[in-house]
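Following: one structure in structure tokens, then a few remarks.
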Amino acid sequence: MKKLLSILLFLLVTNSAFAIEYTHFFAIDGQKILLERAKDKSIGLMGRNSLAVDTGMVFLYTSYEEESFWMKNTNIPLDIIFLRDGTVVKVYKKVKPCTKDICKTYPSKGLVNQVIEVNAGFCSQHKIKKGSTIWVQELTK
């Protein structure tokens, strides 16, 4: 029993250390999609084994950039959405994880100031395509 309690305590502590903080959202089809702001573009969702339904990660830029993403050490398939001022510029659907040393890159093919990563299949489910509008907003506390 003591060992079980120790294991449960360990799991509680380690899971809280990796708690996800949702800072932004967008609404689509009457749903609020919660977004975690990426702290480091080179890491993003790397190493994660899952992504909760109706959540994602947002990368915000202070200027317009040509961006390129890859799936190095990303364990889950994703849809990648490149945006410029709320308008979808490029979508990559069902992008597969990469465990190789050299991985395929997915370029924005235009200047963007936001990128969203969501679970694979999300864009097809919500009919997100080039020209769609997605307004990323900050969550109020």
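Values quoted throughout were computed directly from the atomic coordinates according to the rules given, and no laboratory measurement underlies them. Quick caveat: nothing in here was measured; it's all calculated off a predicted structure. Positions of Cβ are backbone-derived with ideal geometry, glycine not excepted, and every protein chain shown enters the neighbour counts.
With respect to the stated conditions, Ile81 fails to be farther than 24 Å from Tyr22 by Cβ and free of Cβ contacts under 8 Å to residues at least 60 places away in the same chain. Just one residue in the set Ser108, Ser124 is closer than 19 Å to Ala27 by Cα and touching a residue at least 12 places away in the same chain (Cβ under 8 Å); that residue is Ser124. I need the full set of residues from the range 70-86 which are within 12 Å of Gln114 (Cα to Cα) and either among the aliphatic types (A, V, I, L, M) or surrounded by 13 or more Cβ atoms within 10 Å (Cβ to Cβ) (or both), in order please. Answer for the range 70-86, where residues must be within 12 Å of Gln114 (Cα to Cα) and either among the aliphatic types (A, V, I, L, M) or surrounded by 13 or more Cβ atoms within 10 Å (Cβ to Cβ) (or both): Ile80, Ile81, Phe82, Leu83, Arg84, Gly86.
Restricted to the range 23-51, and to residues that are in a loop (DSSP other than H, G, I, E, B) and in contact with a strand residue (DSSP E or B) (Cβ under 8 Å, 6 or more places away or on another chain), which residue is nearest to Val118 (Cα to Cα)?
Here the answer is Leu51.
Once the range 19-61 is narrowed to residues that are of a type in the set (Ser, Thr, Tyr) and within 17 Å of Leu78 (Cα to Cα), the residue that is surrounded by the fewest Cβ atoms within 10 Å (Cβ to Cβ) is Ser42.
Of all residues in the range 39-56, those satisfying the criterion of being within 8 Å of the chain's Cα centre (by Cα) and under 21 Å from Pro107 (Cα atoms) are Gly44, Leu45, Gly56.
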